[in-house]
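These notes concern the structure reproduced below.
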Amino acid sequence: MNSIVVLIGIVITVATGLPVALQLARQHPRGLFVLFFAEMWERFSYYGMRGLLIFYLTQHFLMDQQAASGQYGSYATLVYLVPLVGGVLADRYLGARKAVAFGALLLVAGHALMAVEGPSAQQALAWHGQQFPIEVTGRGDDRQARVVVGGRPYAFDQAADGAFEIKDLPSGGPVPAALPKGDFSVVTVKATPAIFQDTLYLALSLIIMGVGFLKANISSIVGQLYEKGDPRRDPGFTLYYYGVNLGAFWAAILCGYLGQTLGWSWGFGLAGVGMAAGWVTFMLGRPLLQGRGEPPDPARLARPIVGPLNLEWLIYLAGIVGLGAVWLLVQHNSIVGAALGIGWVAALGYLAWFIVRACGKVERERLFLALTLIAGSIVFFTLFEQAATSLNLFAEQNTQLQLISRPTFVKFAGLSLFLGDEAMKTAAHLSPGTIWIDMGFTAAQTQSFNSGFILILAPLFAALWTFLGRRRRDPNPMVKFGLGLAQVGFGFLVIVWARGLADASFRLPLMVLGVSYFLQTTGELCLSPVGMSEVTKLSPQVLVSTLLAIWFLATSAAEFIAARIAQLAGVATAGGQVLDPSAALRASLDVFNAIGWAGVGFGVLFLALAPFLRHWAHGVNEPGGAHAMPEPIAPTVDAELQGVSPVTLRADP
């Protein structure tokens, strides 16, 4: 590819990856190599699909933006709920290795089905009983929707008063050039065939169930590769999480490019190829795991229960049958919300009973501090997870996706280079031998900002926390949460404050979106490594599983709330194209302003409460304190385990 995004990605990968490769080869168990690449490819598939999904829903199925954000919210909420079940089944019956292998197979099937594109839905402009087809051509930044009147396509937009305006339409035609608000509608005249809609929901269900079996369990095998007290454990997790971020980084670059330039099936298909590579890596590398992650009771698992079917196969069949329930749930956002609410009532009810009946002052205050941090995580990830919905749509609708505004010729090492986007190249009529470097992004490729910044900044933050820790000046978790919340809030306010930079097409410079993601990433690097690790340290041993369940419920709640907030930024579209870019900009900035100040406000609140609530920890972070342990320093891009080592979650082997 001649894309500047790919070239920058190669530079970042080489610069940050060489030390990782040397450590993997020289200092760590060979099993870590297997898990590194298996999870790298799994995250490649997950983030490749994630970056494209909102566009697939709005531009292929022609869902309105509110419905598409709600659909994504149902999917993402379930992605964080189902691993609760998968973790229990692995711990008690299957073992982590078998759970990961089964989950990976489901993921391969899910991503393969995502590549089954089918025909796009079609819409029309309806006016006084007449319908005028809306024709769509091109992809990505070149995608254009036109209304066909009298056999000719015309551009359209929406006036400030809500009128539908058809550009350059001759007078005397079958429809006026301006249709007052309320006098027209955009209707779907041909939906995507039902079989392809059902295929989409089945694909999402397979991915949800696959992630449920794989997500937490593959990380647990990493911890089992090291003996208790092995000083390589924490560096091993750092290397492992580098693989997670590397997979997410290249997924956004490659799948984001293919999906929005060549076709959805290309982007989703590449994500599926990545998942298949992860499954093959994991299966072929089994001998290098040296028996780690095996079932706790192999004899019980192999014993026939129903005819020739043993417990292992019954669990697999239950997972397949469970796809039906997930298939139904993922289509109904309100039911997912109700299920999430029931889960919260049950978990908090049990926790309240435990606090009243079984806790002394120390345990009670530690639990209150844990719940405070969990509440902070909901706020943080509600804002952070706008990336997949409202920020992704903002990149498409209101961001200048070119790094330069004018074409440039450069002589380098005897080569003649032309820097510009596709339109600039076409207008330049390049001479033979000139090499074109595409200086544009696709909207989905902007998802690479977060993971790219993590690859660059994580070692710096790790060194900072280590430096402060050795001098006993490492900020306590409330301070880190406060800093994280404030920074993610400022990440949205930067966009609001830059509104004056919008051009005549109501698009802000790409740099603004980059700065926003930079602040969100630095906030994540403050908050994410503490997250689950601190919550489990604050929990009594008998309550660790409950606190972990509440943590995952909190992440699910953040996904659900994030989708509802994203719906507020949705605007009217026709043929998947925004009718009024100025209205889209206003709607996005209004939402970003509100959630930005909310993030900053909660950040200030956490910082203000930190001196008072730090005593509620009662020494868990002090040397020799209860559950004291070093904090991991490498967060994941989606906070899947918040950078927590399984030593926090399970006893060492």
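The values are calculated or read from the model by the stated rules, or taken from the named source; none is laboratory data. Quantities reported herein were computed from a predicted structural model and do not represent experimental measurements. Quick reminder, even Gly has a Cβ in these numbers, built from the backbone with ideal geometry, and neighbours come from all protein chains shown. What goes into the accessible areas is simple: the full protein's heavy atoms, side chains included, and nothing from ligands, DNA or RNA. Shrake-Rupley method; radii C 1.70, N 1.55, O 1.52, S 1.80 Å.
The residue list ARG303, ARG286, ARG357 contains one member that is basic (Lys, Arg), open to solvent by 30 Å² or more (accessible area, probe 1.4 Å), at pLDDT below 90 and touching a Lys or Arg at 6+ places or on another chain (Cβ under 8 Å), which is ARG286. Here THR434 meets the list (1) touching a Phe, Trp or Tyr at 6+ places or on another chain (Cβ under 8 Å); (2) of a type in the set (S, T, N, Q); (3) closer than 12 Å to THR521 by Cα; (4) open to solvent by 10 Å² or more (accessible area, probe 1.4 Å) almost entirely, failing just condition (3). Selection within the stretch 182-199: residues that are β-branched (Val, Ile, Thr) and in a helix (DSSP H, G or I). The member of this set that is farthest from the chain's Cα centre (by Cα) is ILE195. So, GLY319, is that one more than 25 Å from ARG97 (Cα to Cα) and either surrounded by fewer than 22 Cβ atoms within 10 Å (Cβ to Cβ) or at pLDDT 90 or above (or both) or not? Spelling it out, it is not the case that GLY319 is more than 25 Å from ARG97 (Cα to Cα) and either surrounded by fewer than 22 Cβ atoms within 10 Å (Cβ to Cβ) or at pLDDT 90 or above (or both).
Looking only at the stretch 388-416, which residues are assigned to a strand (DSSP E or B), open to solvent by 60 Å² or more (accessible area, probe 1.4 Å) and not basic (Lys, Arg)? Break it down into steps so the answer makes sense when it comes.
The first filter runs over the stretch 388-416 and keeps only residues assigned to a strand (DSSP E or B), leaving 399-400, 402, 408-412, 415-416.
Adding the requirement that they be open to solvent by 60 Å² or more (accessible area, probe 1.4 Å) leaves 409, 411-412, 415.
Once the filter is applied, which keeps residues that are assigned to a strand (DSSP E or B), open to solvent by 60 Å² or more (accessible area, probe 1.4 Å) and not basic (Lys, Arg), the stretch 388-416 yields PHE409, PHE412, LEU415.
For the criterion of being in a helix (DSSP H, G or I), touching a residue at least 24 places away in the same chain (Cβ under 8 Å), open to solvent by 60 Å² or more (accessible area, probe 1.4 Å) and not charged (D, E, K, R), LEU348 passes. The residue list PHE467, PHE481 contains one member that is buried (at least 21 other Cβ atoms within 10 Å of the Cβ) and under 30 Å from ILE374 (Cα atoms), which is PHE481. Residues in the stretch 500-538 that are surrounded by fewer than 24 Cβ atoms within 10 Å (Cβ to Cβ) and among the acidic types (Asp, Glu): ASP503 only.
Only one of the numbered conditions (1) in contact (Cβ under 8 Å) with a residue 60 or more places away in the chain; (2) in contact with a Leu (Cβ under 7 Å, 6 or more places away or on another chain); (3) farther than 28 Å from HIS111 by Cα is not met by TYR154, and that is (1).
Counting only residues that are of a type in the set (A, V, I, L, M) and either assigned to a loop (DSSP other than H, G, I, E, B) or free of Cβ contacts under 8 Å to residues at least 24 places away in the same chain (or both), how many does the stretch 304-338 have? Write out each step before concluding.
The initial filter retains those residues of the stretch 304-338 that are of a type in the set (A, V, I, L, M), namely 305-306, 309, 311, 314-315, 317-318, 320-321, 323, 325-326, 328-330, 335-336, 338.
Restricting the remaining residues to those that are either assigned to a loop (DSSP other than H, G, I, E, B) or free of Cβ contacts under 8 Å to residues at least 24 places away in the same chain (or both) gives 305-306, 309, 314, 317-318, 320-321, 325, 328, 330, 335, 338.
Final tally of qualifying residues: 13.
Among the candidates GLN66, GLN23, which residue alone is open to solvent by 20 Å² or more (accessible area, probe 1.4 Å), over 30 Å from THR546 (Cα atoms), within 21 Å of the chain's Cα centre (by Cα) and not hydroxyl-bearing (Ser, Thr, Tyr)?
Working: GLN23 fails: within 21 Å of the chain's Cα centre (by Cα).
Sole residue among the options that is open to solvent by 20 Å² or more (accessible area, probe 1.4 Å), over 30 Å from THR546 (Cα atoms), within 21 Å of the chain's Cα centre (by Cα) and not hydroxyl-bearing (Ser, Thr, Tyr): GLN66.
Say we look at the stretch 254-272 and pick out the residues that are of a type in the set (A, V, I, L, M) and touching a residue at least 60 places away in the same chain (Cβ under 8 Å); which of these is most open to solvent (accessible area, probe 1.4 Å)? The residue in question is LEU262. Of the set (1) over 26 Å from ALA558 (Cα atoms); (2) out of contact with any helix residue (DSSP H, G or I) (no Cβ under 7 Å at 6 or more places or on another chain), all apply to GLU294 but (2).
Do the conditions hold for LEU204, that is, is it crowded, with 18+ Cβ neighbours inside 10 Å and in contact (Cβ under 8 Å) with a residue 40 or more places away in the chain? Answer is yes for this residue.
Let me spell it out: the conditions are (1) open to solvent by less than 20 Å² (accessible area, probe 1.4 Å); (2) at pLDDT below 90, and GLU422 meets all of them except one. Which number is the exception? Condition (1) is where GLU422 drops out.
Sub-6 Å Cβ pairs linking a first residue in the stretch 115-141 that is in contact (Cβ under 8 Å) with a residue 40 or more places away in the chain and more than 18 Å from GLN397 (Cβ to Cβ) to a second residue that is basic (Lys, Arg) and open to solvent by 70 Å² or more (accessible area, probe 1.4 Å), at least 6 apart or interchain, are GLN122/LYS190, ordered by first then second residue.
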